Amino acid sequence: MKAVVMAGGEGTRLRPLTCNIPKPMMPVFDKPVMEYSLELLKKYGIKDIAVTLQYLPGAVEGYFQNGRDMGLNIRYFIEDTPLGTAGSVKNAEEFLDETFIVISGDALTDFPLNEAFEFHRSRGALATLVLTRVESPLEYGLVLTDQDGRIRRFLEKPSWGEVFSDTVNTGIYILEPEALQYIKPKTVFDFSRDLFPYFLAQGKALYGCILQGYWCDIGNCRQYRQVHIDILDGKVKVDIPGERNGDIIIGKGCHIAPRVHMEGPLYIGANSYIASGARILSYTVLGQGTLVEANASIKRSVIGRDSLIGPGVEIRGAIFGEGVKAKTRSSIFEGAVIGDRTVIEEDVIIKPDVKIWPQKVIETGTVVGESVVWSEKVPRSIFTRWGIAGDINGRLAPERLAQLGRAIGTLLPVDSRVVVGYDWSTPGRMAKQSLEVGLMASGLEILDIGRAPVTALRYATNQLKGQQGFHLMSRGDQLLIKIVNRQGIDLTKSEERKIENLLNREEYRPVMAERIREPQYVPDMVGAYLKSIVREIDPGLIARQRFRVAVAAESIKLTDLAVKLLDRIDCDVVRVDGPPINGDAEAALDSLVSESSRSGADLGIYLSNGGQQLCLISPKGRVIKDEYLLAVTSLLFAERYGAVYLPSDAPMVIERFARQMGKEVRRTRAAAGEFMSKLVEGGEWEQLRFYWDGFYLAAKLLELMARMDADLDQLLAGLPLFFYDKRELPVSWRQKGRVIRRLAETSPGSEAQDLEGIRVWSDEGSSLILPDEDRPICRIYSEAFSQEIAQSLTEFCVETIKKICQEEE
């Protein structure tokens, strides 16, 4: 058997460590990580190896040469341009005249490959994927196999809602030479996205072999440090140079002075010098030739070769590249990454998670709280279900908003038009101005519509032909930023990731001074928005009814706009100014219910979330919101739709009733951007406004009441009665994949959904369990024939998930 080692990785998420070397050459205990892959192949008798290269190929060739020193025969195949994983292997086709294994040069594993070889031969497979189980499967390809190991389904880098297992593709494949016939030469072609889906669709012999052992794709700086910790803990079987004294490993030629305090496990590379009084503490890895001076203290850190750690320096949980000099009394804290040959002068403080680009000089006494030139940070997404959210003094501080503006502006062409609006708060205005600074610095044309609800911003972005629109809203110390595309709809998850990746990398486009423009104010855009609603209805029909409408909202200004709209269609308005949304919103609703009843209102409306959400109060005091409002919106106006679109977490009863009405029902993912984009693709613009514009829905509902000569209670009488319960349950990020897999395996009547989540059925109803995209929780949605049963189904799911979380693998 032969092997292909894919070693073309650039390692952008490992920067600044990979600025000068390709990812496979990243040192792990003073050896390139790729060397461990070669040693593993040799262990199982594979000596003829093709190495595919693309980024900085000379670094790999210069180190390994022809492989003779390792007892191997290595040939190199260089791509002039990236060809994808399968395309790079196709590039080595002339070498691959027998069964071969493909393995990554930048992952670390000790898998028993002989088991995979035997599995492949016994199944007569064309291609076998080596699989393993991980705690958080989001960054990998999920794979589902049958009992014989034949692959039935897979999905690349899913969202939590799409997770159907915690079994993932490791990027290690065993292939027959015939498999290469299906790869187009000199063409970008990927195993997971192109070749294997084709094999699956054509019914080819595509198998998955689950192996036990250690495997880590060293994709970012956190994983890079964790690999060193795992090796010191003995979790992976690899050969480490040096002599062992218990859990302390010391390389040849080291000088350890008297009165050095050492606490294992730790590693000190060859020819290092540790001065008296130094403290080398647990999970420290010092590359060869490191000099640690008196009274320095290092813990849980990886220090590159030939670095100097000066007197009194404190390092905690950091990573240093090669040749870094940290001088007297400096402190470097958790998550900091320092690029090659950077000089940190005396009394410097490097705060947590700061990244410093290679060959920088940090002057004496500097406190570094942000990355210098370049950063690679891996936080949870800055995007939430409702937009970008953060503290006005933290994640969304003014300087960070300017960076966000530059990141977004860099993704758009120079001179692109964008539309900006904000709520009626002073923090909202400040945030808008901060964001505009970054947008201006990117050479964009900015149209400022001033104070407006989110719904007006959506309308304005579409009408003014903006590439994107931005609305900034304050909730006390919290800011919420809504970003919409040219159609006025939310961004999809892929669009959000592009912004986030660029923001984290801090790669911003420079523009000439003459390309920077002043924002242009567009007057009375809110008035134009309200007029657009009136144009879509029959004002005379509504006016003849003289409806009495009780109105409240999350803010006084939002109430003002609702009153203006209702005045234009001659409604008798009863204004109820309740507490704001960051106060007691439930109290505001209670007050609205009371006032609606007292005043004899035909309808009560409560607007929130910048006008996007609506709550209705019927004459009998019935409160219609959330899923119940979705049912009203979907079914009362169904005759106007070509098809009824529902998010994956919508109650099943809505779908059943819509089908009984003769309507086609199309389910989408629950994320707002995905839901909206499907509505736009289907041409359902009116349905889109019903779901996401509370002003528009209120006006249309009044028009329907007038046309049907019926109040809301009478309209609701024709809709199905259903009982619904929902709850959020804390589930750690690492447990989410296992929870979904175990539910699928152990729950009677469980069923993986086509889109996302898993549904558990019973004779009395069903529950949808949906992992949250942004928070460490699972959301549970239960529906049944009574509220008591719905709640009991939810409680059953909660207890089941808790038991799974307590299980030991």
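The values are calculated or read from the model by the stated rules, or taken from the named source; none is laboratory data. As the structure is a prediction and not an experimental result, all values here were calculated from the model. When we count neighbours, we look across all protein chains shown, and the Cβ atoms used for this are built from the backbone with ideal geometry, even at glycine. Note: accessible area is taken over every heavy atom of the protein model, side chains too, but ligands, DNA and RNA are not part of it. Shrake-Rupley method; radii C 1.70, N 1.55, O 1.52, S 1.80 Å.
Only one residue in Leu286, Leu281, Leu308, Leu291 is in contact with a Ser or Thr (Cβ under 6 Å, 6 or more places away or on another chain) and within 25 Å of Pro241 (Cα to Cα). Which one?
Result of the check over Leu286, Leu281, Leu308, Leu291: Leu286.
Taking helices (runs of 4 or more DSSP H) that fall entirely within segment 474-551, which contain at least 2 residues that are at pLDDT below 90?
493-505
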Please return the ranges of helices (runs of 4 or more DSSP H) entirely within segment 624-709 where 3 or more residues are more than 22 Å from Asp725 (Cβ to Cβ). 672-681, 685-692, 694-708
Within the set of pairs 6 or more residues apart or between chains, which connect a residue that is in contact (Cβ under 8 Å) with a residue 40 or more places away in the chain and of a type in the set (D, E, K, R) inside segment 291-317 to a residue that is open to solvent by 10 Å² or more (accessible area, probe 1.4 Å) and assigned to a loop (DSSP other than H, G, I, E, B) with Cβ atoms less than 7 Å apart? Arg300/Ser282; Arg300/Tyr283; Arg305/Asp30; Arg305/Gln288; Arg305/Gly289; Arg305/Glu322
Among (1) assigned to a helix (DSSP H, G or I); (2) surrounded by 15 or more Cβ atoms within 10 Å (Cβ to Cβ); (3) modelled with pLDDT of 95 or more, the one test that Lys564 misses: (2)
Considering only segment 45-137, give the helices (runs of 4 or more DSSP H) lying wholly within it that have at least 2 residues that are within 23 Å of Ala201 (Cα to Cα) and in contact with a Ser or Thr (Cβ under 7 Å, 6 or more places away or on another chain). 84-90, 113-123
Among the residues of segment 462-469, is there at least one that is part of a loop (DSSP other than H, G, I, E, B), among the aliphatic types (A, V, I, L, M) and more than 27 Å from the chain's Cα centre (by Cα)? yes
Every pair of residues 6+ apart whose Cβ atoms lie under 6 Å, when the first sits in segment 775-796 and is at negative phi while the second is of a type in the set (S, T, N, Q) and part of a loop (DSSP other than H, G, I, E, B): Pro776/Ser732
Those residues of segment 431-461 which are closer than 22 Å to Gln613 by Cα and surrounded by fewer than 18 Cβ atoms within 10 Å (Cβ to Cβ) amount to Gly450, Arg451
Considering each of Arg640, Arg689, Arg727 in turn, give the residue that is of a type outside the set (S, T, N, Q), within 25 Å of Phe383 (Cα to Cα) and in contact (Cβ under 8 Å) with a residue 40 or more places away in the chain. Arg727
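Could you list, in sequence order, all residues of segment 260-274 that are open to solvent by 10 Å² or more (accessible area, probe 1.4 Å), touching a strand residue (DSSP E or B) at 6+ places or on another chain (Cβ under 6 Å) and assigned to a loop (DSSP other than H, G, I, E, B)?
Val260, Gly264
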Need at least 3 residues that are crowded, with 21+ Cβ neighbours inside 10 Å per element, so show me which strands (runs of 3 or more DSSP E) inside segment 206-249 make the cut, counting only ones lying wholly within it. 206-210
One residue is enough: does segment 661-668 have a residue meeting the conditions under 24 Å from Val551 (Cβ atoms) and surrounded by fewer than 23 Cβ atoms within 10 Å (Cβ to Cβ)? no
When residues of segment 614-623 are limited to those that are surrounded by 19 or more Cβ atoms within 10 Å (Cβ to Cβ) and touching a helix residue (DSSP H, G or I) at 6+ places or on another chain (Cβ under 6 Å), the one nearest to Leu472 (Cα to Cα): Leu614
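Checking the structure you have, find out if any residue of segment 698-713 is farther than 21 Å from Leu603 by Cβ and touching a helix residue (DSSP H, G or I) at 6+ places or on another chain (Cβ under 9 Å). I'd like the intermediate steps shown before the answer.
Just the residues of segment 698-713 that are farther than 21 Å from Leu603 by Cβ, to begin with: none.
No, that holds for no residue.
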Return the only residue of Val511, Val526, Val484 being without any contact (Cβ under 8 Å) to a residue 40 or more places away in the chain and among the aliphatic types (A, V, I, L, M). Val484
Among the residues of segment 29-56, what is the count of those that are in contact with a Phe, Trp or Tyr (Cβ under 7 Å, 6 or more places away or on another chain) and within 21 Å of Gly287 (Cβ to Cβ)? 2
Please state which of the following conditions Ala588 fails to meet, knowing it meets all the rest: (1) more than 19 Å from Leu704 (Cβ to Cβ); (2) open to solvent by 10 Å² or more (accessible area, probe 1.4 Å); (3) part of a helix (DSSP H, G or I). (2)
Close pairs (8 angstrom Cβ cut-off, 6 or more residues apart or separate chains): farther than 17 Å from Val130 by Cβ in segment 173-195, open to solvent by 50 Å² or more (accessible area, probe 1.4 Å) and not in a helix (DSSP H, G or I) anywhere: Pro177/Asp97; Pro177/Glu98; Val188/Pro82; Arg193/Glu156
For segment 138-194, enumerate the residues that are at pLDDT below 90, among the aromatic types (Phe, Trp, Tyr) and outside any loop (DSSP other than H, G, I, E, B). Phe154, Trp160
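Can you tell me which residue is least open to solvent (accessible area, probe 1.4 Å) among those in segment 250-259 that are in a loop (DSSP other than H, G, I, E, B) and of a type outside the set (A, V, I, L, M)?
To start, the set of residues in segment 250-259 that are in a loop (DSSP other than H, G, I, E, B) comprises 251-254, 257-259.
Right, trim to of a type outside the set (A, V, I, L, M) and you get 251-254, 258-259.
Numbers: Gly251: 11, Lys252: 170, Gly253: 60, Cys254: 36, Pro258: 88, Arg259: 187 Å².
By that ranking, first place goes to Gly251.
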Output yes when any residue across segment 107-114 is modelled with pLDDT under 90 and farther than 26 Å from Val739 by Cβ, and no when none is. no
Any chance Asp570 is at positive phi and open to solvent by 30 Å² or more (accessible area, probe 1.4 Å): yes
Qualifying positions in segment 412-430 - of a type in the set (Phe, Trp, Tyr) and open to solvent by 50 Å² or more (accessible area, probe 1.4 Å): Trp424
Leading residue by the ranking (surrounded by the most Cβ atoms within 10 Å (Cβ to Cβ)) among those in segment 517-548 that are among the β-branched types (Val, Ile, Thr) and closer than 27 Å to Asp709 by Cβ: Ile542
For segment 687-718, name all the residues that are charged (D, E, K, R) and open to solvent by 40 Å² or more (accessible area, probe 1.4 Å). Arg689, Arg707, Asp709, Asp711
Is it fair to say Glu514 is crowded, with 17+ Cβ neighbours inside 10 Å and either of a type in the set (Gly, Ala, Ser) or out of contact with any Phe, Trp or Tyr (no Cβ under 6 Å at 6 or more places or on another chain) (or both)? no
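Do the conditions hold for Leu17, that is, is it over 30 Å from Lys498 (Cα atoms), touching a Phe, Trp or Tyr at 6+ places or on another chain (Cβ under 8 Å) and among the aliphatic types (A, V, I, L, M)? Spell out how you get there, then give the answer.
Details: over 30 Å from Lys498 (Cα atoms): no; touching a Phe, Trp or Tyr at 6+ places or on another chain (Cβ under 8 Å): yes; among the aliphatic types (A, V, I, L, M): yes.
No: the conditions fail for Leu17.
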